[in-house]
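S.K.: Okay, here's the structure, questions in a sec.
Computed from the coordinates by the stated procedures, all read-outs in this text should not be read as laboratory data. Just so you know, these numbers come straight off a predicted model, no measurement behind them. Cβ atoms come from the backbone with ideal geometry, glycine included; neighbour counts cover every protein chain shown.
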């Protein structure tokens, strides 16, 4: 088994065991640099893959990234992988599951629907959320019990209904 | 007020209850009531039960999906309520 194969095996073990990314270290002047030193471009690519998958400590990514940039700045393949990793991380951060909105920001159809639900549950809308899973409203209601008739009507429009401390949350 | 009295008299609540606990809570109820409860629980996917009374129960769920809502509607339960238990909000079903 070559040295590189051994390194790859160790790295995959590190990924499985979720070892911290500080295990990737650059060799010192005397050649000693920890357990999994990044000495070649291939090893740098493995380290980038490690970070792309979100393994290890995010606080250490900056240091590893800086070291890779300074050593492999002229290597197009490594730099492309590094840039692509940055884009991936930005996209992941950009994905918002839901955001709080004002009721009037809903489309007229959904606003009407939300108001109808609030009227049916005899409550006041205190929060509205819009996200990739649909719309959610939080209602403050004095009466926390729904009669059978109301449930029947509600079952036509909502996706789920949740109990809250002083009211309901409704997904539609 | 009734909720308050009920919550005070029910001293054996635990946040997460086992199936055995659920069965234990059924003891003392009429067989007709037990059958009704089991039917309702089956319709909503057999959730754990936090407390059972003669005409209502509190299940260990904080929300009902559309399918569960339709299930309880079909069984003509009396009402569905939001119950503020010490373990957080839970669903109460009146039958």
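S.K.: When you look at the Cβ of every residue in B:82-90, what mean number of other chain Cβ atoms sits within 10 Å?
M.R.: Details: counts 16, 3, 5, 1, 0, 0, 3, 9, 1.
What the average comes to for B:82-90 is 4.
S.K.: Okay, moving on. In what sequence do A:115, A:135 fall when counting other Cβ within 10 Å, fewest first? Working shown, then result.
M.R.: Values: A:115 14, A:135 20.
By the 10 Å Cβ count, ascending, the order reads A:115, A:135.
S.K.: Here's something else I'd like to know. Hey, can you rank B:34-40, B:49-55 by average C-beta count inside 10 Å, highest first? Intermediate values should be presented prior to the final figure.
M.R.: Values: B:34-40: 15.0, B:49-55: 18.3.
Put in order of decreasing packing, that is B:49-55, B:34-40.
S.K.: Could you list A:133, A:104, A:110 so that the one with the fewest beta carbons within 10 Å of its beta carbon is first and the one with the most is last? List each step's numbers first, then the result.
M.R.: Details: A:133 11, A:104 8, A:110 17.
Fewest-to-most Cβ neighbours within 10 Å comes out as A:104, A:133, A:110.
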